[in-house]
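Worksheet: the structure to be examined is printed underneath.
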Amino acid sequence: MNAFDFELVGTRVRIQCSDRPTFDLLWSAYGHLASDGDSPDLIYTVGESEPDVFRIQKEGRRAQEPAETISGRGWLLALLDDDLVVSLQHLHPELYFLHAAVLTRNELAFLFPAPAGSGKSTLAWALLKHGFEYVSDELAPLALESLKVVPFPRPLCLKQEPPSGYEITTPTLTTERAIHISASDLPVAPTSKGLPVGGIFFPRYHPEHAESVPQRVSTARATTRIYVNCLNALAHPASGLAAAESLATRLPCFELATANLDEACRGVCQVVDELIPMRTVVRSTRSDGDASSDPPENAP
């Protein structure tokens, strides 16, 4: 049986495949994270039972779960990705999980929370062309005390080809659901360490929203936008609302229309480049403090 181990958010995962094509498919998604280790927290056994039909079974800290049958490579990748996200929430309830893209610039992380279909993955791909580095296009696990985000470098997934000027020039895996770009094939290797968050942008796509300059939003509005994109709100005091308000209060928050992708990217760059000196000053004033509460580079 073909197998490999990797680590995400301080959790060891093992994938076992009964056939080589399935192994190659899952390796293309998670192989860049491969590492040696013992005693995995999660074990997935996957195999192709008939052409383009897969069976997947999970073992973990809870009892072994019944096998599922799923049709299509894209749906297999989506199911595995979704199950990993849910499992990580159960294993790390101390983290605040946002449905968000995450990019970094000058050792600061910037979050782009938005519901599915809002164009955040396309925006993430475009910003890589403007000097940002990749962390995730899907999940932001946050350590609330230190305001650091834990990396989740799954493949960047686009539902359609990006517009002119942002063409994909790297190898891809195209399935019936998405265009998958492995983190190992991105222009710059993704960061592997937790970084402090410098700000939050709420992307929204509508063809009539031509004005793409980021607009600062109030704490109340930002709290709402953060809260509706939280995946594990009930794991936190006050059902996660207090944490959302804390983030909205402690971080600069902006709304961003993305219909004009090039203009949106330039607007983000301008705001981020203005924020970086301010955040650097704040970090330097805290450099002599106790950093024991910070998460390890790959764990909460």
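The values are calculated or read from the model by the stated rules, or taken from the named source; none is laboratory data. Keep in mind it's a predicted model, so treat the numbers as computed, not measured. Don't worry about glycine lacking a Cβ; one is built from the backbone with ideal geometry, like all the others, and counts go over all protein chains shown. Areas reflect the complete protein model, heavy atoms only, side chains present, ligands, DNA and RNA absent. Shrake-Rupley method; radii C 1.70, N 1.55, O 1.52, S 1.80 Å.
Need the C-alpha centroid separation for the range 30-57 versus the range 93-120, integer Å. Centre-to-centre (Cα) distance: 26 Å. To test your reading of the geometry: what angle, between 0 and 90 degrees and rounded to tens, separates the Cα axis of helix 219-228 from the longest principal axis of the chain? Here the helix axis deviates by roughly 10 degrees.
Ordering Y205, Y134 by how much accessible area each has at a 1.4 Å probe, largest first, what is the list?
Y205, Y134
How big, in percent, is the set of alpha carbon pairs in the range 32-77 lying more than 13 Å apart? Tail of the P(r) past 13 Å holds 61 percent of the pairs.
In a solvent-free Debye calculation with one equal scatterer on each Cα, what is log10 I(q)/I(0) for the range 108-263 at q = 0.17, 0.20 Å⁻¹, listed in the order of the q values? Scattering profile of the range 108-263, log10 relative to I(0): -1.05, -1.38.
The spread of Cα positions in the range 59-123, taken along each principal axis and listed from longest to shortest, comes to 43, 31, 19 Å. For the chain, the relative contact order comes to 17 percent (Cα pairs under 8 Å, sequence separation of at least 6). For the chain, the percent of C-alpha pairs falling in each 10 Å distance bin, counted from 0 to the bin holding the largest distance, reads 6, 27, 35, 23, 8, 1. Between S146 and E161, the modelled labels are 4.3 nm apart [label points 7 Å from Cα along Cα→Cβ]. Taking 16 Å as the cut-off, the amide N atoms of the range 164-178 that come nearer than this to a point 7 Å along the Cα-to-beta-carbon line of K129 belong to 164-171.
Note on the range 1-118: Cα Rg divided by 2.2 N^0.38 Å, N the number of residues, gives 1.14. Largest first, the three principal axis extents of the alpha carbons in the range 1-68 are 34, 28, 18 Å in whole numbers. Computed over protein heavy atoms with a 1.4 Å probe, the carbon and sulfur contribution to the accessible area of the chain reaches 50%. In the context of the full set of protein chains, residues of the chain present 45 Å² of accessible surface per residue (probe radius 1.4 Å, heavy atoms only). With every protein chain in place and a 1.4 angstrom probe, the accessible-area ranking of K129, K159, largest first, reads K159, K129. Relative to the longest principal axis of the Cα atoms of the chain, the long axis of helix 241-250 makes an angle of roughly 50 degrees. The calculated Kirkwood hydrodynamic radius for the range 198-238 is 12.4 Å, given to one decimal from all distinct C-alpha pairs. Label point of I168 set 7 angstrom out along Cα-Cβ; within the range 120-149, amide nitrogens under 12 Å from it belong to 122, 125.
Segment R12..R250, full-extension length gain: 82.5 nm, with 0.36 nm per residue of separation and the alpha-carbon distance subtracted. Run down the lysines and flag those whose C-alpha is under 20 Å from the C-alpha of K193, throwing out any fewer than 8 positions away in its chain. Output for K193: K148.
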